[in-house]
There are 2 protein chains.
Amino acid sequence: MQTATQELQDLTAAAHTASGPAAAASDAVRASWLLAVADALDANVAELVEIADSETRLGTVRLTGEVARTTGQLRLFARVITEGSYLEAVIDHANPGATPPSPDLRRILRPVGPVAVFSASNFPFAFSVAGGDTASALAVGCPVIVKAHSGHLELSKRTAEIVTQALSDAGAPAGLFALVAGREAGAALVQDPLIKAVGFTGSIPGGRALFDLAVSRPEPIPFYGELGSLNPVVITPAALAARSSQLAAGLAASFTMGAGQFCTKPGLVFVPAGSSFGAEVAAECAGKGAAPMLTDRIAAAYPAGLAGLAAQPGVDLLSGSTGQDAEADGAAPVVFSTTAAGVIARPGELLEECFGPTTLLIEYASDAELAQALALVPGSLTATVQAEDGEDIAALVDQLTGLAGRVLFGGWPTGVSVNWAQQHGGPYPATTSLFTSVGATAVRRFQRPVAYQDAPEALLPEALREANPLGVPRRVDGVLQLG
Amino acid sequence: MQTATQELQDLTAAAHTASGPAAAASDAVRASWLLAVADALDANVAELVEIADSETRLGTVRLTGEVARTTGQLRLFARVITEGSYLEAVIDHANPGATPPSPDLRRILRPVGPVAVFSASNFPFAFSVAGGDTASALAVGCPVIVKAHSGHLELSKRTAEIVTQALSDAGAPAGLFALVAGREAGAALVQDPLIKAVGFTGSIPGGRALFDLAVSRPEPIPFYGELGSLNPVVITPAALAARSSQLAAGLAASFTMGAGQFCTKPGLVFVPAGSSFGAEVAAECAGKGAAPMLTDRIAAAYPAGLAGLAAQPGVDLLSGSTGQDAEADGAAPVVFSTTAAGVIARPGELLEECFGPTTLLIEYASDAELAQALALVPGSLTATVQAEDGEDIAALVDQLTGLAGRVLFGGWPTGVSVNWAQQHGGPYPATTSLFTSVGATAVRRFQRPVAYQDAPEALLPEALREANPLGVPRRVDGVLQLG
C-alpha cells in the first residue's frame, strides 16, 4: 500500500479545511471526540489485539494492556483540555498611565494546523494511529494525518477505520483524521505546505532524514522526533553491596521486556569494577528464552548489532550468543561487559543503540572515571541511579539530569506512566525538541501563542473574555488565578 | 573587531562551566543578578545613550526610552522567576493501586545550557547586548554569549563591560556572560557543541543562514529567530467612512516611526477601493522629513527596495521619491499603492519587506478579494484590523489570527508592551519557532523539562519538595495549586 500523490494532496487539503472548525470547536466538544475514539477502540479491543498480535508478535496480554494505555491516554487529554490550563490564558489590562501607555493584551495558545504523525513499530497502539501524538494534536484542534508503520499495516488500517467512524459519529469535521502509507508518501507529507508540524517516533537515521526535510522547507516546521536512547543506569557500590541479586533480576527483566524493543530499555549499566554482578545478570538471563521480534527487518538487524559490539576490543560476552538467527528463532538475551576506560577510548563504537534484548555492563573504577564516561553518553530519554540512602550522589544526579529527560531513583526505566508529570524526551538524539511526547504537556507541541490587543469582548476567544465564562485558570495582571 | 577562534572556544568553555552554578543558583539569587544589571545600565544611561546615538542616529529621546524599556525588561524577568510559575512544577504522587502501578513523578523546567544571542541593529538596547534574549536566558540560569551587531559595536562593548561588572559585583559565576564580534565568530558560535540554543533578531537571509547551521549540527539546537514581517493592516469600509483622516495620520506616524526601521512597521495596508485614503496618507507624509537610518548599508538598501517595488506593473507612487539618496540625506517617507488583484497576480514581487519609512496601500474591491489576497501574506508578527462597532468581522479576525502572533483592534502595531501577555512572534518568516521573544513567556525558549521518578526528597529541586518551601504554583495530582 502506497498512498498516491494526488490522494495525499486531497487529504492534506481536507485536513486544512478541517482546521477551522476543529479550532473553533469548544474544548468540551473536542473532549467528546477523544472519548468517542477511546470508547470505540475499547469496544473493538479483541479484534484489534488479534490483528496486532498477528503482525507484531507482541502477545495478547501486552497488547491488551497497550490498548488500555492508549484509550487511557485519549481520556487523559480530554481531561487536560477540559481543565483549561493548556490554553495558558493571560490577560494584561490596559494601563493608560504607564510610560508608554500599555494596551489591553490577552494571550492564548491556538492550534498550529494539520499535523503529520509517524507511527512507531514497537507500540502498535500507544505510539501509532490513535496514539499519543494523534491524541494530543486532536485534543488542541489540529487535524492529523498518520503515516502508517509498515510493520503493522493491517492494524493501522483497521484502527483508522474505527477512529474515522467514531469521529464521524461524534460530529467531528470531515478531513480531521486520515491514514497514509508508504515511505514516499511520508516524505511528501513532511514537505506538504499545508502540514504545520510533525510528530515522529522511530530510528535515528529515519528520524533525522525526516527532520532534515522538515527544517529545509521554504517554511520550516517543528519536527517533534523521538529517535533513540541508551538509557544509562548507574549502580553505586553501596547499592551493589546491599542488593546485587535484586538488581540483577530487575535489570534482566527490564532489558528483555518486549524482546528489548522499548525506547526506554536500559542499554548501558555502569557497575563498580571487580564485582560478580555480571555473572549474576548472566544467571538471571539463563531462564529467559528467545522472543519473536516486531519485524523481519528488526530481527535481522539484531544479530548484526550484537556482532558489531562483540567485535570491539575490550568487550566481553557474558551471556547469550551473538550468532543467533533471530528471524527464525526469535531474539535471545545477550549481556556484554566492558570498562569505563574502554568507553572513554572508543565512545563512538561502544555507545550505540542495539534494538533488542541486550545490554552492556560498564565497570567503573572510580567516581571520576564514571563521570568521565557518563559525559560521553548521548542525550537519553531516561537515566537511572541505583543508590542507597545516605550516599552523597548529588553530583551524579546533576550529571544524569543533564543528559536525560527523566531521572529515576531505583526502579527501571521501561515503564512510562501517562499522567500530568510525565516527561518522555531528552537531549538529542533522544528527542529533537524541548517537549515530551507522553503526558499532559505533549499538547503544547501543537499550539502557538496569539495575543489580542484591545479586542472587543465579542471577538475574543471565550477563555479570554473578562468574566471567564469557561472558568479556566488564567494569569490576570501578573497574578495566577484558578478558574 | 573579530573574535578569534581560540578566544571563542575559551568563552564557550567558560560558559559551559558557568552552567552548573547558574542552574544551581536560587531564583532569588538570579533575580538579584538581573536587577544588578538593570541598575548598572540605568546608572550609566547618559553615557550609553551618547554612544548609541553616535552609532545609530536614533536620537536621545528614543534611545533614553529604550534604555528604560530594557531595564524594565530585566526587572520583569526578575519578577517572573520570583513568582515561580515559569518552572511549570508538576507532581503526580505514586499510585500503587493503578494498572500498572504508577511511581512518584515530579516534573520541572531546567535551563538548557549556554545560549548564543544575536543582536539586532534597530534596537541597540532592547534587542541587543542586555536585551530580551539575554535577560530571559540569564533569568532561567543559562549563560549567554552575545554576538555584537556591527552597527553599534562601541555601544555593545561598553554595554558588555557594564553587564560583566554588574554580574561580577553581584556574585554571579565567571563565564556567565560574554561578547563576541564578527560574522565568522557568529557562525562558529551557532556550531559550537557547547552552545545549546540561539536567539536571533534580524533579516530573513541572515537569520535563515544561521537557522540552517543550527539545524544541520550533529546535535541540532533550537534556533529562536525573528526574521521579517509585513504587518498587514486591514481598514474596513465603515472605519474608512468614520475616521479616514485619523487613520491616515495614525498610519503615517506608525510607518515612519524610527525611520520605518521597526520589526512591527505596518508595511501593507488593505483599504477599500475607490476612496481618497491614499491622498490623505500622502498629505500626512508631506510634513515628515527625512531621518537618518541605522547604518550606511541599510540606507543604501532602502532606495534599492523602493525602486524594486516601483518597477512592478500596477504599483503607483503616491508620495515621496524612489530616487532618494538615503545615505547622504536620510530616508524620506514613500507611499505606494496597488490593488488586491495585483497582489494576487504577483505575490512574490509585491509582498516583500522593505526596511525603511515606506508602506504599500492595497485597494480591495470585495471581502472575497481581500480574503484571497490576505491568504498570500506570509506569516507576520502582527496583523491589525481597523473596524467599527457592529461590523461582522469574525471571519476576517479568524484569518488574521492565522497569519500573525498579535492581532490588534484599532491602534498601530509599532508599540510592543513588555508584560505577561505579550506575544512577539508569528508564523514563518516572522519567527522560526512557536515562542515569543518579548514578554514573560520568552524564558520558556531556554528551558527543558526533566521529570524525577521516586526521588528522595533531599535530591529534588526545592520547587518539587513535598512542602513547597518556595511557595511556587504547582499542579499536584492534576490539580493546579497557587503557591
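The values are calculated or read from the model by the stated rules, or taken from the named source; none is laboratory data. Treat the numbers as computed from the prediction; the structure is a model and nothing was measured. Note that we place each Cβ from the backbone using ideal geometry, even for glycine, and neighbour counts take in every protein chain shown. Quick note on the areas: whole protein, heavy atoms, side chains included, nothing else; ligands and nucleic acids left out. Shrake-Rupley method; radii C 1.70, N 1.55, O 1.52, S 1.80 Å.
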- Tell me, which residue of region A:371-395 that is farther than 22 Å from residue B:111 by Cβ and open to solvent by 10 Å² or more (accessible area, probe 1.4 Å) is nearest to the other protein chains (Cβ to nearest Cβ)? A:389
- Could you tell me which residue of region A:93-112 is surrounded by the fewest Cβ atoms within 10 Å (Cβ to Cβ), considering only residues that are among the small types (Gly, Ala, Ser) and more than 7 Å from chain B (Cβ to nearest Cβ)? A:97
- Which of the following residues is of a type in the set (Ser, Thr, Tyr) and closer than 20 Å to residue B:197 by Cβ: B:60, B:56, B:64, B:17? B:17
- Query: Can we say residue B:385 is within 29 Å of residue A:450 (Cβ to Cβ), in contact (Cβ under 8 Å) with a residue 24 or more places away in the chain and not assigned by TED's automatic domain parsing to the domain that holds residue B:268?
  - Reply: no
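Residue by residue, here is whether (1) touching a helix residue (DSSP H, G or I) at 6+ places or on another chain (Cβ under 7 Å); (2) within 19 Å of residue A:315 (Cβ to Cβ); (3) small (Gly, Ala, Ser) holds:
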{"site": "A:208", "(1), (2), (3)": "no, no, no"}
{"site": "A:213", "(1), (2), (3)": "yes, no, no"}
{"site": "A:217", "(1), (2), (3)": "yes, no, no"}
{"site": "A:236", "(1), (2), (3)": "no, no, no"}
{"site": "A:245", "(1), (2), (3)": "yes, no, yes"}
{"site": "A:260", "(1), (2), (3)": "no, yes, yes"}
{"site": "A:265", "(1), (2), (3)": "yes, yes, no"}
{"site": "A:270", "(1), (2), (3)": "yes, yes, no"}
{"site": "A:291", "(1), (2), (3)": "yes, no, yes"}
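Yes/no matrix, rows are residues, columns are (1) within 25 Å of the chain's Cα centre (by Cα); (2) part of a loop (DSSP other than H, G, I, E, B); (3) assigned by TED's automatic domain parsing to the domain that holds residue B:219:
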site: B:9; (1), (2), (3): no, no, yes
site: B:30; (1), (2), (3): yes, no, yes
site: B:33; (1), (2), (3): yes, no, yes
site: B:53; (1), (2), (3): yes, no, yes
site: B:71; (1), (2), (3): yes, no, yes
site: B:78; (1), (2), (3): yes, no, yes
site: B:98; (1), (2), (3): no, yes, yes
- Query: Here are some residues: A:438, A:450, A:416. Which one is under 23 Å from residue B:438 (Cα atoms) and not acidic (Asp, Glu)?
  - Reply: A:450
- Query: So, in region A:80-96, of the ones that are acidic (Asp, Glu) and not in a loop (DSSP other than H, G, I, E, B), which residue ends up farthest from residue B:88 (Cα to Cα)?
  - Reply: A:92
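What residue, of B:74, B:63, is buried (at least 24 other Cβ atoms within 10 Å of the Cβ) and more than 13 Å from chain A (Cβ to nearest Cβ)? Explain how you work it out, then say what you get.
Details: B:63 fails: buried (at least 24 other Cβ atoms within 10 Å of the Cβ).
So the residue among B:74, B:63 that is buried (at least 24 other Cβ atoms within 10 Å of the Cβ) and more than 13 Å from chain A (Cβ to nearest Cβ) is B:74.
Go through the residues of region B:333-354 one by one and say whether even a single one is of a type in the set (Phe, Trp, Tyr), crowded, with 23+ Cβ neighbours inside 10 Å, closer than 30 Å to residue B:238 by Cα and in the same structural domain as residue B:404 (by TED's automatic domain parsing).
Of the residues in region B:333-354, the ones of a type in the set (Phe, Trp, Tyr) are B:336.
Then keep just the ones that are crowded, with 23+ Cβ neighbours inside 10 Å; that gives B:336.
Going one step further and asking which of them are closer than 30 Å to residue B:238 by Cα, we end up with B:336.
Then keep just the ones that are in the same structural domain as residue B:404 (by TED's automatic domain parsing); that gives B:336.
Scanning region B:333-354 turns up at least one residue that is of a type in the set (Phe, Trp, Tyr), crowded, with 23+ Cβ neighbours inside 10 Å, closer than 30 Å to residue B:238 by Cα and in the same structural domain as residue B:404 (by TED's automatic domain parsing).
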- Message: If I ask for residues that are open to solvent by 10 Å² or more (accessible area, probe 1.4 Å) and either among the acidic types (Asp, Glu) or facing chain B (nearest Cβ under 9 Å) (or both), which ones from region A:427-446 would you list?
- Response: A:427, A:428, A:429, A:432, A:433, A:434, A:435, A:441, A:444
- Item | Looking only at region B:401-426, and only at residues there that are facing chain A (nearest Cβ under 8 Å) and β-branched (Val, Ile, Thr), the one that is surrounded by the most Cβ atoms within 10 Å (Cβ to Cβ) | B:407
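Matching residues to (1) closer than 26 Å to residue A:402 by Cα; (2) of a type in the set (D, E, K, R):
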| site | (1), (2) |
| --- | --- |
| B:161 | no, yes |
| B:166 | no, no |
| B:171 | yes, no |
| B:178 | yes, no |
| B:181 | no, no |
| B:184 | no, yes |
| B:204 | no, no |
| B:215 | yes, no |
| B:225 | yes, no |
- Qualifying positions in region B:447-476 - open to solvent by 10 Å² or more (accessible area, probe 1.4 Å) and facing another protein chain (nearest Cβ under 7 Å): B:448, B:453, B:454, B:455, B:456, B:459, B:473, B:475
- Residue set B:49, B:67, B:45; condition on the phi < 0 side of the Ramachandran plot, modelled with pLDDT of 95 or more and touching an Asp or Glu at 6+ places or on another chain (Cβ under 8 Å); output residue B:67
- Can you find a residue in region A:435-457 that is of a type in the set (A, V, I, L, M) and without any contact (Cβ under 8 Å) to a residue 60 or more places away in the chain? no
- Task: Please tell me if residue A:41 is part of a helix (DSSP H, G or I), buried (at least 16 other Cβ atoms within 10 Å of the Cβ) and in the same structural domain as residue A:475 (by TED's automatic domain parsing).
- Result: yes
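Filter region A:245-290 for residues that are among the polar types (S, T, N, Q) and open to solvent by 10 Å² or more (accessible area, probe 1.4 Å) and give the result. Steps first, answer last, please.
Here is the first cut: in region A:245-290, the ones among the polar types (S, T, N, Q) are A:245-246, A:254, A:256, A:261, A:264, A:275-276.
Within region A:245-290, A:245, A:246, A:256, A:275, A:276 meet the criteria.
Given the structure, is residue A:398 within 14 Å of chain B (Cβ to nearest Cβ) and outside any helix (DSSP H, G or I)?
On the way: within 14 Å of chain B (Cβ to nearest Cβ): yes; outside any helix (DSSP H, G or I): no.
Answer is no for this residue.
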- Any helices (runs of 4 or more DSSP H) falling wholly within region A:262-334 and containing at least 2 residues that are within 22 Å of residue A:380 (Cβ to Cβ) and in contact with an Asp or Glu (Cβ under 8 Å, 6 or more places away or on another chain): A:296-310
